[in-house]
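The numbers here are math on the coordinates, done by the rules we state, and not lab data. Here the structure is a predicted model, which means the values were calculated and not measured. Heads up, the Cβs are rebuilt from the backbone with ideal geometry, glycines too, and the neighbour counts pull from every protein chain shown.
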Amino acid sequence: MPVAVTLDRVMAEKKVKSKDLAAAIGITEANLSLLKQGKVKGIRFETLEAICRYLDCTPGDLLRIED
């Protein structure tokens, strides 16, 4: 069961730009883009927490299991 990243959907709902999120959590826009596309093998809990705090969401809002 692969894990799907729904970060782009949450960002669109909250009207947050990649540039702003990347700057706020301290990662590059390139790395944020890779994360949004689901092309990463993992994510640090520290980064996940920072994203959730900035977007006022939970990890479950950003990740889901696909069949």
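Points worth noting:
- For the range 3-65, lysine pairs separated by 8 or more sequence positions, or belonging to different chains, with Cα-Cα distances below 19 Å total 5.
- Considering helices alone, the calculated mean residue ellipticity of the chain at 222 nm is -15500 deg cm²/dmol, with DSSP H runs of length four and up weighted by -39500 (n - 2.57) and normalised per residue.
- Compared with the alpha-carbon gap, the fully stretched path from S33 to A4 is longer by 9.0 nm at 0.36 nm per residue.
- Estimated inter-spin distance, I65 and A12, nm [label 7 Å along Cα→Cβ]: 2.6 nm
- Estimated Rh, the range 3-65: Kirkwood, alpha-carbon pairs, angstrom: 11.5 Å
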